[in-house]
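A short reminder: the numbers here are calculations on the coordinates, not readings from a lab. All values reported here derive from a predicted model rather than from experimental measurement. Neighbour counts are summed over all protein chains in view; Cβ atoms, including those assigned to glycine, are modelled from backbone coordinates with ideal geometry.
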Amino acid sequence: MEAIITTIVATRTALYSDSYCNTSHPFGTQKLYKVSHKKSGDEFLMGGAGYLSDIVYFARLLAEHGLQDLWKLHQGEHWPPKIMKQFDSDILVVTREKEIFLVDKTLVPMPVIDKKAYCIGSGGDWASAYLELVADATIEGAIEYAAKRDENTKAPIHRISFGRKRPEDPE
């Protein structure tokens, strides 16, 4: 299994990524997910840089446990799960409340409070530099810039965001 090395950018309202999975036989893939916590109904956008299996696994953990209770998994008798023993990915999570969190193998959400956009992955530094230095920079432009400099970042660019929240059904 080889890591997908990538460029992921979180804003307060959306997530963006390239679509390249760098394996022995590279292929295009989806690295961004909308996830609903099964119990609370809280909604999250998430995307990751690292192993594709880690990213899919994390999406399932997020749906099952929610963002703020992930750390409680450490208290279980079967910690870490076998798949987590080699977990080597960074995950970005955006909440409906316009918060950005970085999550690593500790499963402790770390809030990103001083950035309008946060970039991870092998092209993350290139995308960050573009956003910081280019007037009227766009997120798509930042990922395109990263793709020119990082061999593990390739088009097309994917984007996900929250749709409008439906009004609650009348009781």
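For segment 35-117, averaging the sequence separation of C-alpha pairs within contact (under 8 Å, six or more residues apart) and dividing by the residue count gives a relative contact order of 29 percent.
Computed from the Cβ-Cβ distance with R0 of 22 Å, the FRET efficiency linking Ala14 to Glu77 stands at 0.05.
Using only side-chain charges placed at the Cβ, +1 for Lys and Arg and -1 for Asp and Glu, the dipole size of segment 8-160 relative to its Cα centre rounds to 380 debye.
Between the residues Gly121, His37, Thr153, the greatest Cα displacement towards the positive end of the dipole of segment 8-160, with unit charges on the Cβ of Lys, Arg, Asp and Glu, is found for His37. Using a cut-off of 25 Å between Cα atoms, the listed pairs Lys31/Lys115; Lys116/Lys154; Lys39/Lys115 include Lys39/Lys115 as exceeding that distance. Largest GNM mean-square fluctuation across Gly123, Gly141, Gly41, computed for the chain with C-alpha springs under 10 Å, falls on Gly41. Charge tally around Ala155: other residues with Cβ under 11 Å, Lys/Arg +1 each, Asp/Glu -1 each, net -1. Relative contact order of the chain: 30 percent, from C-alpha pairs under 8 Å at least 6 residues apart in sequence. With the simple model of a label 7 Å out from the Cα in the direction of the Cβ, Thr23 to Glu64 spans 2.2 nm.
The helix-only estimate of mean residue ellipticity at 222 nm for the chain, built from DSSP H runs of length n ≥ 4 each weighted as -39500 (n - 2.57), is -6500 deg cm²/dmol after division by the residue total. GNM on the chain, alpha-carbon springs under 10 angstrom: the most fluctuating residue among Val112, Val93, Val35 is Val112.
The residues neighbouring Gly66, those whose beta-carbon lies less than 9 Å from its own, together hold a net charge of -1 under the Lys/Arg +1, Asp/Glu -1 convention. Judged by the mean number of other Cβ atoms found within 10 Å, the most tightly packed of the peptides 97-108, 49-60 leads the ranking 49-60, 97-108. For the options Asp136, Asp18, Asp125, a Gaussian network treatment of the chain with springs between C-alpha atoms closer than 10 Å singles out Asp136 as fluctuating the most.
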